[in-house]
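The values are calculated or read from the model by the stated rules, or taken from the named source; none is laboratory data. This is a predicted model, so every value here is computed, not measured. Here the Cβ is made from the backbone with ideal geometry for all residues, glycine too, and neighbour counts use every protein chain on show.
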Amino acid sequence: MKKQEAPDSRIDPEHIPGHIAIIMDGNGRWAERHGKSRSKGHEAGAKNVYEITEACRELGVKTLSLFAFSTENWRRSKKEVDSLFRLMSRYVKRYSDQIQKTDVRLLHMGNLEDLPRETAGDIRECLEQTRNNKAMDVCIALNYGGRQELVDAARRLAGQVKAGNLREEDITEEALEANLYLPQHSEVDLLIRTSGENRISNFMLWQISYAEIIVTPTLWPDFNRSCLNDAIVEYQARNRRFGGRP
Ligand code: FPP
């Protein structure tokens, strides 16, 4: 385990965003800029997942949600998709002891069924191994789509109505929220997207309703602790109104 970094004096430790979500974009462009293959770009991105998880934990962030593979990413070449899943298996295994030691719990959003059996197995093992950890939750969105999550929640509610366990008039925001993949993490405070694209790309559509959004031009493999600190400083300078008046 690395030595903890000195705290950034610009950050108010009393107002750390409880839930940060990150759209980790720009691995491909990073690779291109460095004259490397796309898979090397994803590898640099995977290494950074651990770095930023540690930085968030040290800052006292309670939940970190990471967009690792969308339901739309299947449209990439088979070669790239296969190499991404192999990489995820490798990194989940490589870091599982460290995740355990740092008391981080891994959670998953999406559908693990369509993944290669080995990758799904490695991820399930890590979910099981870390399930009682308490310091921080890391929610990996893998084979995840925000619209699909809402469709799945609607189906569950319909099933409950059909079974006579829920009345139609009891379908409220709270009831829908209770049927999201991870209902305990239904509110994102800060959404960061790297690599300069001003898009949500079907990520946590319900949960980001009142999130502060920060788009940085930095590519994901270059998004280091100091970039994270900059984002938190910017977040803390904003005035969150949740639709009301201050
Ligand atoms: C977007 O970059 C990134 C992805 C589609 C994959 C993200 C995956 C990782 C960072 C690895 C995750 C590993 C673990 C262990 C969770 P891009 O390929 O779209 O980049 P580009 O837009 O520059 O081409």
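Evaluate region 147-164: report whether one residue or more is in a loop (DSSP other than H, G, I, E, B) and touching a Leu at 6+ places or on another chain (Cβ under 8 Å).
Filtering region 147-164 down to residues in a loop (DSSP other than H, G, I, E, B) leaves 163-164.
Then keep just the ones that are touching a Leu at 6+ places or on another chain (Cβ under 8 Å); that gives none.
Scanning region 147-164, I find no residue that is in a loop (DSSP other than H, G, I, E, B) and touching a Leu at 6+ places or on another chain (Cβ under 8 Å), so the answer is no.
Looking only at region 114-128, count how many residues are among the acidic types (Asp, Glu) and closer than 9 Å to Ser89 by Cβ.
Applying the first criterion (among the acidic types (Asp, Glu)) to region 114-128 yields 114, 118, 122, 125, 128.
Those left that are additionally closer than 9 Å to Ser89 by Cβ: 118, 122.
Final tally of qualifying residues: 2.
What are the pairs, 6+ residues apart or on separate chains, where a residue within region 215-243 that is of a type in the set (Lys, Arg) has its Cβ under 9 Å from a residue that is assigned to a helix (DSSP H, G or I) and surrounded by 14 or more Cβ atoms within 10 Å (Cβ to Cβ)?
Pairs found: Arg225/Glu51; Arg225/Ile52; Arg225/Glu54; Arg225/Ala55; Arg225/Glu58.
Counting only residues that are crowded, with 22+ Cβ neighbours inside 10 Å and among the β-branched types (Val, Ile, Thr), which one in region 190-204 is nearest to the ligand (Cβ to nearest atom)?
Thr194
Checking the condition part of a helix (DSSP H, G or I), touching a Phe, Trp or Tyr at 6+ places or on another chain (Cβ under 9 Å) and buried (at least 20 other Cβ atoms within 10 Å of the Cβ), which residue from Val49, Val81 passes?
On the way: Val81 fails: buried (at least 20 other Cβ atoms within 10 Å of the Cβ).
Val49 is the lone residue from the list that is part of a helix (DSSP H, G or I), touching a Phe, Trp or Tyr at 6+ places or on another chain (Cβ under 9 Å) and buried (at least 20 other Cβ atoms within 10 Å of the Cβ).
I'd like to check something: does region 46-57 contain any residue that is under 30 Å from Asn179 (Cα atoms) and of a type in the set (D, E, K, R)?
Initial filter on region 46-57 (under 30 Å from Asn179 (Cα atoms)): 46, 49-50, 52-54, 56-57.
Checking which are of a type in the set (D, E, K, R) leaves us with 54, 57.
Yes, there is a match, as at least one residue in region 46-57 is under 30 Å from Asn179 (Cα atoms) and of a type in the set (D, E, K, R).
Check whether at least one residue in region 170-186 is touching a Leu at 6+ places or on another chain (Cβ under 8 Å), at pLDDT 95 or above, on the phi > 0 side of the Ramachandran plot and polar (S, T, N, Q), and report yes or no.
No - not one qualifying residue is present in region 170-186.
Of Arg117, Arg33, Arg90, Arg94, which residue is near the ligand (Cβ under 10 Å from one of its atoms), loosely packed, with under 14 Cβ neighbours inside 10 Å and within 19 Å of Ile140 (Cα to Cα)?
Values: Arg117 fails: near the ligand (Cβ under 10 Å from one of its atoms); Arg33 fails: within 19 Å of Ile140 (Cα to Cα); Arg90 fails: loosely packed, with under 14 Cβ neighbours inside 10 Å.
Result: Arg94 is the single residue among Arg117, Arg33, Arg90, Arg94 that is near the ligand (Cβ under 10 Å from one of its atoms), loosely packed, with under 14 Cβ neighbours inside 10 Å and within 19 Å of Ile140 (Cα to Cα).
For region 205-225: of the residues being part of a loop (DSSP other than H, G, I, E, B) and within 15 Å of the ligand (Cβ to nearest atom), which is surrounded by the fewest Cβ atoms within 10 Å (Cβ to Cβ)? Working first, answer last.
The first filter runs over region 205-225 and keeps only residues part of a loop (DSSP other than H, G, I, E, B), leaving 205-211, 216-219, 223-224.
Still in the running and within 15 Å of the ligand (Cβ to nearest atom): 216-219, 223-224.
Working: Thr216: 19, Pro217: 10, Thr218: 18, Leu219: 24, Phe223: 25, Asn224: 13.
My answer is Pro217.
Would you check if Ile16 is among the hydrophobic types (A, V, I, L, M, F, W, C) and within 16 Å of the ligand (Cβ to nearest atom)? Steps first, please.
On the way: among the hydrophobic types (A, V, I, L, M, F, W, C): yes; within 16 Å of the ligand (Cβ to nearest atom): no.
So Ile16 fails the test.
Hey, does region 56-72 have a residue that's near the ligand (Cβ under 9 Å from one of its atoms) and in a helix (DSSP H, G or I)? Break it down into steps so the answer makes sense when it comes.
Step one: of region 56-72, the residues near the ligand (Cβ under 9 Å from one of its atoms) are 66-70.
Filter once more, so that each one left must be in a helix (DSSP H, G or I): none.
No - not one qualifying residue is present in region 56-72.
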